[in-house]
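Chemist: One structure is given below, represented as structure tokens, and several questions about it will come after.
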Amino acid sequence: MRCLILLTWVALWLGSTNNIGAQDPRADNRGPSPPKLALEDQFERMHDLADYAGDVVVLLYGDRQGMPANKDLGEKLYLHYHPEAKGQPPAQAVKARVTPLPDLPRGKRSPDVKVIPVTCFSKAGNVLKNVIRSQVKKNAPETSVWLDFEEKTKEQFGLTPAVPNLALIDVQGRVRYRSAGELDAKGFSRLVEAIDILRKEAVSPNR
């Protein structure tokens, strides 16, 4: 019963939130099925969103004009949940442990918060793809950045140009919230609160 009340409250809270971003976000009340998204990074390694089941995922995506703001938001969010990463080089920062949930039920693990950057491009030929990979490698030589050359994120989640776009995905792979626009302090706090709710929901004894 407790879990049912919590799930209902989360859906209502997220559904009623309309100022988490600079633009009106679109609430997703537990979509019917997890999105299918598999993309390569700048090192031509494939990544599948389904592999992150069990953790809360913040998919931060946007076009090239939105990259600087996405980078700042991603770093801020990652450090919030992985404070041990502060001051560490990228290779060590990615290994930082997530802050555990308080009062974690026995036998449960704290879901991690995976912040995944995705840069979106209009459909590009092979030559341009190689140029883009090289540029991203230069700017992010150690951190994986997913590259969307086929507008998959735009088709699945929608995309507002030149600003951060995010999709918040629960431990079962379902999109629970989407937003577009730069976050002010209040918006960031509400995003963190939403992530915390999904983490606690995942380890609820009545889940």
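Chemist: Check every one of the strands (runs of 3 or more DSSP E) wholly within the range 35-85 and list those with 3 or more residues that are under 13 Å from the mean Cα position of the chain (by Cα).
Modeler: Ranges flagged: 56-62.
Chemist: A further question follows. Tell me, which residue of the range 39-70 that is at pLDDT below 95 and within 15 Å of Ser144 (Cβ to Cβ) is surrounded by the fewest Cβ atoms within 10 Å (Cβ to Cβ)?
Modeler: Met67
Chemist: Additional query: State all residues of the range 161-196 that are within 15 Å of Tyr78 (Cα to Cα), under 11 Å from the mean Cα position of the chain (by Cα) and of a type in the set (S, T, N, Q); if no residue qualifies, say none.
Modeler: Within the range 161-196, none qualify.
Chemist: Going by the conditions given, is Leu77 surrounded by 12 or more Cβ atoms within 10 Å (Cβ to Cβ), at pLDDT below 95 and among the aliphatic types (A, V, I, L, M)?
Modeler: When the stated conditions are applied, Leu77 does not pass them.
Chemist: Quick check on this structure: which one of Lys108, Lys186, Lys138 is without any contact (Cβ under 8 Å) to a residue 40 or more places away in the chain and either in contact with a helix residue (DSSP H, G or I) (Cβ under 7 Å, 6 or more places away or on another chain) or at negative phi (or both)?
Modeler: Lys138
Chemist: Same structure, new question: Kindly provide the set of residues from the range 161-177 that are more than 21 Å from Ile132 (Cβ to Cβ) and not hydrophobic (A, V, I, L, M, F, W, C), ordered by number.
Modeler: Asp170, Gln172, Gly173, Arg174, Arg176, Tyr177
Chemist: Look at the range 107-150 and say how many of its residues are under 20 Å from Gln92 (Cα atoms), exposed (fewer than 14 other Cβ atoms within 10 Å of the Cβ) and of a type in the set (S, T, N, Q).
Modeler: Selection size over the range 107-150: 1.
The values are calculated or read from the model by the stated rules, or taken from the named source; none is laboratory data. Here the structure is a predicted model, which is why all the values come from computation and not from measurement. Please note: Cβ atoms are built from the backbone with ideal geometry, for glycine as well, and neighbour counts cover all protein chains shown.
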